[in-house]
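The values are calculated or read from the model by the stated rules, or taken from the named source; none is laboratory data. Just so you know, these numbers come straight off a predicted model, no measurement behind them. Ideal geometry is used to build each Cβ from the backbone, glycine not excepted, and the neighbour counts take in all protein chains shown. Heads up: the accessible areas ignore ligands, DNA and RNA and are worked out on the full protein's heavy atoms, side chains in. Shrake-Rupley method; radii C 1.70, N 1.55, O 1.52, S 1.80 Å.
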Amino acid sequence: MTSQNSRDRLSSLLLAQSREHEYPASYAQRRIWFLTQLAGGNTAYNMPLALRLAGPLDVRALEQAIIAVVRRHESLRTFFRVVGGQPMQRVSDWTPSHLPLTDVVDWDDVRRRVEAEARRPFDLSTGPLFRAEVLRLRADEHVLLATMHHIVSDGWSLSIFANDLARCYEAAREGRAPQLPTLPIRYTDYTLWQLEQFTGDRLDAELTYWRRELEGAPALLDLPLDRPRPAMQTFRGAKQAFTLGRALTGAVAAMAQAERTTEFMVLLSTFAMLLSRHSHQDDIVIGAPIAGRLRPELEGLIGFFVNSLALRIDLSGDPSLRTLLQRVRATTLGAYEHQELPFERLVELLQPERSLGHNPIFQVEFVYLNLPPNELRLAGVTTEPLDWEHESAKFDLSLYCANRDDVISGFWEYSTDLFDGETVERLSAHWQRVLAAACERPDLPLSQLPLMDAAEERQVIRGWNQTARRWSEAEDAIAAIATQVARVPSRIAVGDSSGRMSYAELWAAAGGVCTALQRAGVADGALVGLVAQRGREFLAAVLGIWMAGAAYLPLDPSAPRERLADGIIDSGLAAVLTDDACRAAALAATAASGAVHPGVPVLALAQALAERPAAAPRPRVPTSLAYVIYTSGSTGRPKGAMIQDEGMLNHLRAKIATLALTEDDVIAQTASQAFDISLWQLLAPLLVGGRVQVYGDEVTRDPEVLLQLCDVDGVTVLEVVPSFLSIALRGVEPAAGGLP
C-alpha cells in the first residue's frame with residue numbers, strides 16, 4: 001500500500017501551482033511509446049469505443065459535451081516529444097473544433113467504418129491521441145465512435161469518459177455549464193510522483209520481492225503453435241467469445257466460497273491447469289492487469305494507470321484444484337501487496353533476455369474485468385455497445401472474463417501469427433471442460449482432468465491413427481522394382497560419377513550378387529555386411545542381398561577399424577561384400593573380429609556383379625529383415641536397429657506420396673550409407689520408374705559443386721539441411737522465376 005510519506009508527497013504535488021511545459025512519460029507510457037516506434041503503424045494499442053444511439057440525439061449537445069470532456073482531462077490533449085532520446089509528455093490547448101457527422105447507408109457501411117476506425121493509427125509525436133465522430137443512419141439512429149490511444153487511457157478511463165460525457169451532454173442540452181467535481185490531480189502530477197517513489201530503500205524492497213518470486217522462471221511458455229514464431233511481433237490478432245452459463249458460473253462461485261478464495265482465483269487456477277496440460281510445463285508465469293488506482297484522487301482521472309502483475313504459478317506434483325487454489329491465493333495476495341512497482345520498471349531492473357518475437361517475463365495474460373461499466377446514459381437515448389472485428393493482440397494469448405448478471409462470459413484474444421481460430425476454439429472448449437471437472441471433483445489430480453469430449457477423444461485416438469492404406473503395388477520392394485524393370489527396362493535407373501545403369505542392367509547386376517551370395521552359403525534371413533563406396537554398384541549389392549533372401553548391414557569404410565569390427569561381432573554377419581577401394585578396411589575389420597567371430601567370408605563385389613544371374617529372387621514376406629543400422633547408442637555403445645520389409649516399404653511409399661514422386665523425377669542420393677536416410681534416396685525413385693543420382697563424399701562436402709552438378713544432372717529432389725543449402729546458394733544468381 002502507499003506509504004504516508006508518499007501520500008504527503010503526492011498531496012504536495014497537487015498544491016503545486018507552477019508547471020513546466022514538458023513532463024517525463026510514466027514507465028508504462030515509455031513501454032508503449034517504444035513498441036509503437038518499433039512497429040510503425042501499430043494499432044494494437046488503439047482503444048476504440050463504438051456505441052449505437054437510438055432515439056432523438058442532440059448532436060450539437062453531444063459535440064459540446066465531447067469538447068468539455070477534452071478540456072477537463074489533460075490526457076486527451078497530450079502528445080509526446082523526444083528529448084534526450086526519451087519520450088516526454090506535452091499537454092496542448094487543443095480541443096475538437098467540431099464533432100464530425102457522417103451519413104451512412106446501412107449497417108454494413110457502419111461496420112466497415114467502425115473497423116476502419118479501430119485500425120486507423122495515431123501519431124504520438126503530434127497528437128491528438130483522441131478522436132470522435134458520429135455516424136447517422138436515420139434521424140433517430142446514430143453511432144458514436146470514440147477512440148483513444150492506450151498511452152493516455154485505460155479500461156477504467158473508458159468508464160470515466162462515458163460518465164463525464166453523459167453529465168456534460170445533459171448540461172449542454174439544458175444550456176448550462178456541466179457540474180463536475182474539480183479534479184484534484186493531473187496525470188502529469190501522478191507521473192512525477194511515480195518517478196520519485198521508486199528509488200532508494202523502497203525500490204530495493206519491491207525489487208527484492210519480485211526477484212525472489214521470478215528467479216529461475218521460464219523465459220517462454222512453450223505452447224504448441226500452429227506456425228513458427230516470427231522474429232518480430234506484428235501484434236496481428238483476433239478474438240473469440242465464450243459464455244460459461246449459469247450452472248458453471250454457480251459452480252465457480254461455490255468453489256471460491258468453499259476455499260475462501262475468489263472467482264478470479266478459481267478461473268486463473270484452471271487457466272493455468274489448461275496451459276500446463278498443453279505446454280507440459282509445471283512452472284508458468286501469467287500476466288494479470290490491475291487498475292493501479294490506489295488513491296481516491298486517481299479514480300476520476302482519464303489516464304494510463306493500469307499495471308501488470310507477473311503471477312508465477314507452481315503446478316508441480318500434479319496438484320488438484322483445491323491444492324492449486326491455495327498456492328494461487330498465496331501468490332496473488334503477495335503480488336497485490338507489491339503491486340505499485342511498475343511492470344516496466346521491473347523488466348528494466350531484472351533485465352531478462354529480450355526478444356522482439358515475444359513479450360518479456362510472460363506471454364499469456366488473464367484478465368478479470370471488474371471495472372465500472374462504460375455505459376453511456378444520455379437523456380432520451382438508448383445506448384448499446386457495438387462489437388467489431390478485433391485485429392490486434394498484445395500477447396500470444398489472453399483470456400478475458402467478466403461476471404455480468406451471474407453469468408461469466410468473455411473472450412479469447414490471440415495472435416494470428418501463432419494460432420488458428422480452430423486451435424483457440426479447441427483451447428476454449430478444453431478450458432471449460434477442465435473448469436467444470438475440477439469444480440465438480442476438486443481433489444482430482446490435474447493429470448486426470450478431462451480435456452476432450454468423447455467425440456474429440458475418438459478423433460484423436462482412433463480417427464487420426466487410422467493411417468492404413470491399401471496399395472496396388474507388390475508387397476515387397478524387390479517385387480515392386482521388378483515391376484518397373486519389366487515396364488521400363490531401358491530407362492536409366494541409377495547414375496554416379498562413373499556412369500549409368502538402366503533398369504535392366506541394374507537388375508542383372510543385382511542377380512549376379514544374389515548368385516554369388518547363394519554360392520557362399522548365405523541362407524534366408526542371414527545378414528550380409530556391405531563395405532563399399534556409394535554408387536551404382538552399392539545399389540546393385542543391396543538389391544542382390546534382398547534377392548538372396550538376406551538383409552544388409554551398411555558399414556561405413558571411413559569409420560575406425562574398431563567400430564567396423566564391433567559391428568561385425570555384434571551382428572553375427574554371414575558374409576561381407578566389399579569393393580576394391582574398401583577391401584583393405586573390410587579385411588582389417590574382419591581380422592580384428594576373428595577371435596570372436598571367425599570365418600566370416602569377404603566377397604569381392606566386382607566378381608559378384610559379374611556373376612550370371614541364376615534363379616529368380618527368393619520371395620520375401622513383410623516380416624523379413626531388410627537391413628540393420630547401427631546408431632550411436634544412448635549409452636555410448638552402438639546399437640543395431642533392425643528394420644523389417646513392411647516398415648521399410650511403408651516409409652518408402654509415404655515418401656513417394658508426400659513428395660508426389662513420378663517416373664520423371666531424379667532424386668539426389670547424398671546421405672551416408674550408414675544412415676537410413678540413404679535408403680529412401682536410393683530406393684524411392686526405383687519404385688516409380690524414376691532415377692537416382694548418387695553423389696559421393698567428395699561432392700557432398702562442397703555445397704556449391706553439389707548444386708552445380710544437380711543442375712547438370714536434372715535433379716528434381718534434393719534433401720539437405722538448411723545450413724548446407726544456405727552455403728550452397730551463396731553467390732548463385734537467382735533464375736527469373738526464383739531460385740535455380
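The residue among Q708, A504, F395 whose Cα reaches farthest toward the positive pole of the charge dipole of the chain, with charges on the beta-carbon of Lys, Arg, Asp and Glu, is F395. Accessible surface of the chain, 1.4 Å probe: 51 percent of it comes from carbon and sulfur atoms.
Each of A171, S125, T188 was scored by the projection of its Cα onto the charge dipole of segment 97-220, and the greatest displacement toward the positive side belongs to A171; charges sit on the C-beta of Lys, Arg, Asp and Glu. Listed peptides 445-456, 555-566, 687-698, 507-518 appear in the order 507-518, 687-698, 555-566, 445-456 once ranked by packing, highest mean of other Cβ atoms within 10 Å at the front. Using just its DSSP H runs of length 4 or more, each adding -39500 (n - 2.57), the chain gives a mean residue ellipticity at 222 nm of -12000 deg cm²/dmol after division by all residues.
Within the same chain, lysines fewer than 8 places from K239 are excluded, and of the rest, those with a Cα less than 23 Å from its Cα are K394. Beta bridges assigned by DSSP with both partners in the chain are antiparallel in approximately 70 percent of cases. When segment 394-513 is described by a simple charge dipole with +1 on each Lys and Arg Cβ and -1 on each Asp and Glu Cβ, the residue from V485, C439, A468 located farthest towards its positive end is V485. What the phi angles of segment 307-320 give under the Karplus curve with 6.51, -1.76 and 1.60, with θ = phi - 60°, is a coupling list of 10, 10, 9, 9, 9, 8, 10, 9, 10, 5, x, 6, x, 7 Hz, glycine and proline written as x. Summarising the strand pairing of segment 339-492, around 65 percent of its internal DSSP beta bridges are antiparallel. Karplus-based coupling profile of segment 127-140, in residue order and whole Hz: x, x, 9, 9, 8, 8, 7, 10, 9, 10, 8, 9, 4, 10, with θ = phi - 60° in 6.51 cos²θ - 1.76 cosθ + 1.60 and x standing for Gly or Pro. The Cα atoms of the chain define a convex hull whose projected area, averaged across directions, is 43.4 nm². Distant-in-sequence amide contacts of V694, defined by a placed amide H-H separation under 5 Å and a gap of 5 or more residues or a different chain, comprise G495, D496, Q669. DSSP beta bridges confined to segment 361-434 are antiparallel in about 65 percent of cases. Computed over protein heavy atoms with a 1.4 Å probe, the accessible surface of the chain works out to 46 Å² per residue. Each residue of segment 114-119 is assigned a 3J(HN,Hα), and the resulting list reads 4, 5, 5, 5, 5, 8 Hz, derived from the Karplus form 6.51 cos²θ - 1.76 cosθ + 1.60 (θ = phi - 60°), x at Gly and Pro.
Computed packing ranks the peptides 196-204, 179-187, 113-121 as 113-121, 179-187, 196-204, most packed first, by mean other Cβ atoms within 10 Å. This model, with +1 at the C-beta of Lys and Arg and -1 at the C-beta of Asp and Glu, gives the chain a dipole about its Cα centre of some 300 debye.
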